[in-house]
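Values in this text are rule-based calculations from the coordinates and carry no lab data. If you're wondering where the values come from, they're calculated on a predicted model, not measured in any experiment. All Cβ positions, glycine included, derive from the backbone under ideal geometry; neighbour counts span all protein chains shown.
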Amino acid sequence: MSLTPTTSASSQSAKMKKDESFLGRLGGTLVRKKKSKEVSNLNEEGKIAINAPMLPPGSDIHPEDTLLEENAERIMLDPTSRENLKFKDLLKVLIDWINSELEEERIIVKDLEEDCYDGQVLQKLFEKLSDRKLNVAEVTQSEIGQKQKLQTVLEAVNELLRPHGWSVEWSVDSIHSKNLVAIVSLLVALAMHFQAPIRLPEHVSVQIVIVKKREGILQTAVVTKELTSTTEMMMGRFERDAFDTLMDHAPDKLNVVKTSLITFVNKHLNKLNLEVTELESQFADGVYLILLMGLLEDYFVPLYNFFLTPESFEQKVHNVTFAFELMQDGGLKKPKARPEDVVNLNLKSTLRVLYNLFTNYKNSE
């Protein structure tokens, strides 16, 4: 009976030694794997360190951005440009516009990179703007399905825009890889082509970093990319007139023109005890334009035809559009300006509209 505990103790001791031996071997394996990983990380850091001096200062290049195949390239937005206030303003205007257009679809965009890359938002936006249904799957989770949808959407977009002189600066791969510059370029082109009721900030440019691999070495370049120019250039209005010349070459004479127009409109608006001192702001909601047309043509405009105290952007656009219709009913040519431009306080557009009235009614009592 006394042998049993001894045997049991010996067995337990042998088992412990076996366990220790196993843990030792396991520990050695883990240590070797850890060291191997550390060596791999050091090698990668070494590659980055070698290539780093070739990168432009301030560029936030991630390790994965340096892992390029031979002759491949990657395009990235310089982080300093991402913080540019005008660029941020452009992003906000585009996001607000998309959300306004797709409100009925219950789609809310918060981030252009994260919300546009899979083609779903771009599909719905294009269909709404073009009033055309695309033959694509409604929901696509796989990468292949997303790229197929993007391919269909971009083919339709390019087919529409190319004949009108738009250069295609986006692709399936650039959109799907969340290239913000490509996404913004596409959205700006759509907004301008469809004359979106928004005012894009003018002269927005960003710095993009182009990284290429040649003979195993990274080559980088920083390029300035213009995303927006002037509103008129983006709208394709290349025909210059007297106001372009005036504002570009004789801004000192601008006040003379404004004074003449203010005198003209007040001559008529004073009959209703109204007075204008700021042309671009006081005509922006369309009310004074409508009342002025009624005075010039000698008729009363029923108040139910327009918003006397417009509050929203849409109500103001309605008023200015209605004023333009009254002008055309009076035999005037369709104004060159868009109603949205007047509402957005575009001085040149407002001056064009008022000058057109001045030349036709300057002798009216």
Check: Which links in LYS92/LYS178; LYS110/LYS225; LYS147/LYS178; LYS128/LYS149 stretch past 20 Å when you go from one Cα to the other?
Finding: LYS110/LYS225
Next item on the list: Give the long-range amide H neighbours of VAL109: residues separated by 5 or more places, or on another chain, with amide H under 5 Å away, using H modelled in the peptide plane at 1.01 Å from N.
Entry: ASN99
Check: By count of other Cβ within 10 Å, fewest leading, how are MET76, MET293 ordered?
Finding: MET76, MET293
Notebook entry, point to check: When only C-alpha pairs under 8 Å and at least 6 residues apart count, what is the relative contact order of the stretch 242-361, in percent?
Noted result: 26 percent
Notebook entry, point to check: So which of LYS333/LYS362; LYS86/LYS348; LYS258/LYS348 end up more than 18 Å apart by C-alpha?
Noted result: LYS86/LYS348
Notebook entry, point to check: Which shape class, rounded, prolate or oblate, goes with the stretch 73-234 when its Cα gyration tensor gives a ≥ b ≥ c as root eigenvalues, a/c under 1.5 marks rounded, and past that a/b bigger than b/c marks prolate?
Noted result: oblate
Notebook entry, point to check: Among TYR304, TYR299, which comes first, then next, by fewest other beta-carbon atoms within 10 Å?
Noted result: TYR304, TYR299
Check: Using the 10 angstrom Cβ neighbour count as an exposure proxy, how do LEU129, LEU289, LEU351 rank, fewest first?
Finding: LEU129, LEU351, LEU289
Notebook entry, point to check: Which of rounded, prolate, oblate describes the stretch 242-361, given a ≥ b ≥ c as roots of the alpha-carbon gyration tensor eigenvalues and a/c under 1.5 marking rounded, otherwise prolate only if a/b is larger than b/c?
Noted result: prolate
Margin query: Restricting to DSSP loop positions (anything but H, G, I, E, B) with no more than 14 other Cβ atoms inside 10 Å of their own Cβ, which trypsin sites (Lys or Arg not before Pro) remain in the stretch 273-365?
Written below: LYS333, LYS362
Notebook entry, point to check: Remind me, relative contact order of the stretch 73-234 in percent, using alpha carbon pairs under 8 angstrom and six or more residues apart?
Noted result: 29 percent
